[in-house]
Amino acid sequence: MADLKVEICGVKLKNPVIAASGTFGFGREYNEIYDISSLGGISTKGLTLEPRQGNPVPRIAEGRSIILNAVGLQNPGVESFIEKDLGFLKSKGVAVIANVAGRTLEDYGNICARLNGLVDFVELNISCPNVKAGGMAFGIRPESIKEVTLISKRALSLTPLMVKLSPNVESIAANAQAAQNGGADCISLINTLTGMVIDIERRKPLIANNTGGVSGAGIKPIAVRMVYEAAHAVKIPVIGMGGIMTGEDAVEFIMAGASAVQVGTANFANANAMPQIIQGLNAWLDRHNIADVKQITGCVKLN
Amino acid sequence: MKDLIAKVKSNQMIAENTYMITFVLPESAGDIRGGQFVNLSVGDSSHLLRRPLGICIAEGKEISVCYQLKGEGTKKLSKIKTGDSLNVLLPLGNGFDLSGYKNIAVIGGGVGIFPLIAAIRENIKHKNFYSYIGFRSKSALCLINEFDKCKSLTVTTDDGSYGKSGNAVDAFFEDVQNLNLDAIIACGPPSMLKSLKEKLLKNAIDVPCFVSLEERMGCGVGACLVCVCKKNDGNNARVCKDGPVFNINDVVL
Ligand SMILES: Cc1cc2nc3c(=O)[nH]c(=O)nc-3n(C[C@H](O)[C@H](O)[C@H](O)COP(=O)(O)OP(=O)(O)OC[C@H]3O[C@@H](n4cnc5c(N)ncnc54)[C@H](O)[C@@H]3O)c2cc1C
Ligand SMILES: Cc1cc2nc3c(=O)[nH]c(=O)nc-3n(C[C@H](O)[C@H](O)[C@H](O)COP(=O)(O)O)c2cc1C
Ligand code: FES
């Protein structure tokens with residue numbers, strides 16, 4: 001049994017495997033299938049200040065080794081989360097990561113202020129359109145990333161800030177640095193890649209929103225490359241995700257420079273994916289006589 | 001709700017483009033109610049989404065579901081052989097709660113008949129069922145012997161090649177005044193459920209009516225909010241967890 005414990009920004013995780021935002025709700029449903037206290041952490045569904053109804057259906061489509069989703073941030077709002085779900089997550093002894101989204105810079109500041117001191121991390125989803133800046137996502141340009149990070153960090157005196165980077169950008173390294181310069185305590189990546197699936201019989205996009213976010217096994221090489229680039233551009237810890245289905249996939253992200261990983265779409269394909277990934281990671285380390293997972297963090301050497 | 005590796009006992013065609021797959025669970029999945037469904041993996045790593053299929057027959061650890069060939073996943077499923085393993089997550093959703101109702105009309109269209117069969121099997125000893133089931137044509141007909149124990153059965157086909165010509169909803173409304181109903185259960189394509197709702201309203205029939213809905217799913221367990229339907233109060237409900245069975249008056253069809 002290898003040592004899987006990691007510490008990120010002073011927060012201790014029993015292992016480096018975290019449920020990715022939007023795929024795991026607030027943990028209750030998967031806890032009916034297995035005890036979720038075995039996980040390293042849980043990133044919640046993206047929270048907003050007010051409840052949101054999200055996009056029309058269908059909200060999901062499938063391609064080869066990928067899925068496409070456009071849920072549109074349906075969530076019960078931050079107050080409902082604090083009142084009804086936070087206690088449950090805390091009782092499970094997992095690191096609680098509140099994933100948050102906003103329409104304006106002020107939204108981000110306000111929601112961070114509300115969560116300050118209540119959770120283990122706040123994770124900023126910056127792939128949302130900034131309504132005051134013509135709808136361009138906060139997470140596209142380094143300037144706006146730094147700005148949204150600064151305002152969020154200012155509201156978080158007690159809780160570490162994780163900035164979640166979008167892959168739909170020019171330079172992931174520059175954006176990772178922008179988050180670091182804005183005061184991020186760590187970064188996570190990647191969020192979904194924008195895509196489209198067309199129903200050729202109807203000659204229409206399959207999901208109601210037309211475009212959606214691509215995730216799942218097929219995006220892994222892109223995600224690994226981006227995690228590598230980001231990890232080499234910043235000094236703060238990096239949490240990697242994108243298409244992780246097995247323990248070996250997690251090893252790959254850790255070697256690329258991730259201190260921990262998140263798992264999203266794999267939960268849909270296999271409800272027991274996360275416990276199996278933890279087991280697979282441990283088995284791989286044991287097979288290679290590695291006593292501590294931290295020994296392989298960022299160990300990849302370029303050709 | 002359990003995530004299990006089942007062994008396939010049989011997988012055979014029961015009508016044109018329609019198969020029944022029977023699998024044996026390694027352990028009991030607990031009580032199963034008609035209208036609940038399984039989410040099954042089609043068994044290759046390129047299809048990341050599981051397919052939701054209504055439970056048709058549940059006898060202890062042996063479960064049968066029926067599926068129509070639609071796209072890649074169901075085609076893949078039809079190739080699965082006896083003895084193969086199948087990853088199944090079940091039972092999911094709420095199912096039909098018929099407690100307190102005695103005389104029940106059953107309205108099913110196409111693949112919508114399968115979850116209704118489970119509801120009938122579960123309750124046939126204590127309740128009276130009056131069934132109306134519709135198919136596209138004679139070649140799509142299947143499992144009608146499952147309705148044998150109902151008080152009455154009307155089969156319709158769109159093209160008149162078997163039974164009554166027309167659809168199950170219209171056939172039901174021809175009889176409705178003569179039935180002393182306590183409840184109605186229905187499952188079928190969205191257009192069928194919509195027409196049922198309109199006609200119940202038009203004919204001022206206020207017998208409780210429960211319908212099973214379909215929506216594309218991600219997790220199937222209530223976590224991802226992918227599978228929502230609109231409720232009349234303006235909120236969303238999760239088809240996989242709050243449903244798939246809803247009171248017809250509570251949802252926008
Ligand atoms: C609760 C529930 C019970 C169902 N019960 C039955 C049943 O007993 N028998 C039966 O034949 N069919 C049933 N369906 C519909 C069945 O799930 C789809 O026909 C099937 O998933 C199509 O898969 P595919 O790979 O052939 O199609 P593809 O088009 O390749 O599938 C792509 C994706 O879309 C999803 N999808 C496509 N059509 C539907 C649909 N109508 N509803 C939900 N998801 C869909 C698939 O699950 C998959 O994720 C049920 C659906 C739901 C939601
Ligand atoms: C259905 C669904 C909903 C998601 N919702 C969110 C969200 O609310 N906030 C967020 O930051 N990321 C969200 N994501 C992105 C995931 O957290 C993750 O970044 C992405 O899916 C890549 O990882 P994966 O390939 O393991 O799924 C969502 C993904 C899916 C599939
Ligand atoms: S499919 Fe995930 S909530 Fe219904």
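The values are calculated or read from the model by the stated rules, or taken from the named source; none is laboratory data. Everything numeric here is computed off the predicted structure, so don't read it as measured data. A quick note on method: Cβ atoms are made from the backbone with ideal geometry, for glycine too, and the neighbour counts reach across all protein chains shown. The area values use the complete protein model at the heavy-atom level, side chains included, leaving out ligands, DNA and RNA. Shrake-Rupley method; radii C 1.70, N 1.55, O 1.52, S 1.80 Å.
Computed values, structure above
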| quantity | calculated |
| --- | --- |
| Taking the C-alpha atoms of chain B, convex hull volume expressed per residue in Å³ | 119 Å³ |
| Projected-area average for segment B:103-212 over all orientations - Cα convex hull basis, square nanometres | 6.1 nm² |
| Simple label model, 7 Å out from Cα along Cβ direction - A:CYS9 to A:ALA173, nm | 2.4 nm |
| Convex hull volume per residue for chain A, taking Cα atoms only, in Å³ | 130 Å³ |
| Kirkwood Rh and Cα Rg combined as Rg over Rh, evaluated for segment B:30-147 | 0.98 |
| Segment A:19-90: C-alpha gyration tensor shape, a/c 1.5 cut-off, then a/b vs b/c | oblate |
| Computed Kirkwood radius, in angstrom, where 1/r is averaged over Cα pairs of the protein assembly as shown | 24.8 Å |
| Spin-label zone in segment A:165-181 - amide nitrogen under 19 Å from a point set 7 Å from the Cα of A:ARG225 along the C-beta vector | A:165-177 |
| Calculated over segment A:197-272: convex hull of Cα atoms, volume per residue (Å³) | 117 Å³ |
| Those GluC sites (Glu not before Pro) in segment A:106-206 that DSSP places in a loop and that have at most 12 other beta carbons within 10 Å | A:GLU170, A:GLU201 |
| Furthest towards positive pole of dipole, A:ALA176, A:LEU156, A:MET196, structure part segment A:93-210, Cβ charges | A:MET196 |
| Karplus-derived HN-Hα couplings along segment A:60-74 (A = 6.51, B = -1.76, C = 1.60, θ = phi - 60°), whole Hz, x at Gly and Pro | 9, 8, 10, x, 5, 6, 9, 10, 10, 9, 9, 6, x, 6, 4 |
| Helix-derived mean residue ellipticity, 222 nm - over chain A, DSSP H n ≥ 4, -39500 (n - 2.57), to 500 | -8000 deg cm²/dmol |
| Trypsin sites (Lys or Arg not before Pro) restricted to DSSP loop in segment A:1-82 with at most 10 other C-beta within 10 Å | none |
| With at most 11 other Cβ atoms within 10 Å, longest stretch of chain B clear of loop trypsin sites (Lys or Arg not before Pro) (DSSP) | B:126-253 |
| Sequence-distant residues sharing a close amide H with A:MET241 (under 5 Å, placed H) | A:LEU189, A:ILE190, A:GLN262 |
| Averaged over B:226-237, number of beta-carbon atoms from partner chains that fall within 10 Å | 3 |
| Residue-level accessible surface for B:HIS126, protein heavy atoms, 1.4 Å, Å² | 120 Å² |
| Inter-chain shielding of B:80-90 (mean C-beta neighbours from other protein chains, 10 Å cut-off) | 1 |
| Links that overshoot a 25 Å alpha carbon limit, given the list B:LYS76/B:LYS194; B:LYS102/B:LYS230; A:LYS90/B:LYS230; B:LYS2/B:LYS194; B:LYS202/B:LYS241; A:LYS132/A:LYS153 | B:LYS76/B:LYS194; B:LYS102/B:LYS230; A:LYS90/B:LYS230; B:LYS2/B:LYS194; B:LYS202/B:LYS241 |
| Listed residues B:ALA105, B:HIS126, B:SER10: farthest to the positive end of the dipole of segment B:1-139 (Cβ charges) | B:ALA105 |
| Reciprocal of mean inverse Cα separation for segment B:24-98 (Kirkwood radius, Å) | 13.0 Å |
| Virtual paramagnetic centre 7 Å along Cα→Cβ of B:LYS2, amide N under 20 Å, in segment A:249-271 | A:270-271 |
| For segment B:14-48 and segment A:220-289, distance of Cα centres in Å | 31 Å |
| Per DSSP, loop trypsin sites (Lys or Arg not before Pro) in segment A:148-247 with at most 12 further Cβ within 10 Å | A:ARG202, A:ARG203, A:LYS235 |
| 5 angstrom amide H check on B:CYS219, placed H, neighbours 5+ away | B:CYS224, B:VAL226 |
| Accessible-area value, B:ILE14, 1.4 Å probe, nucleic acids and ligands omitted, Å² | 50 Å² |
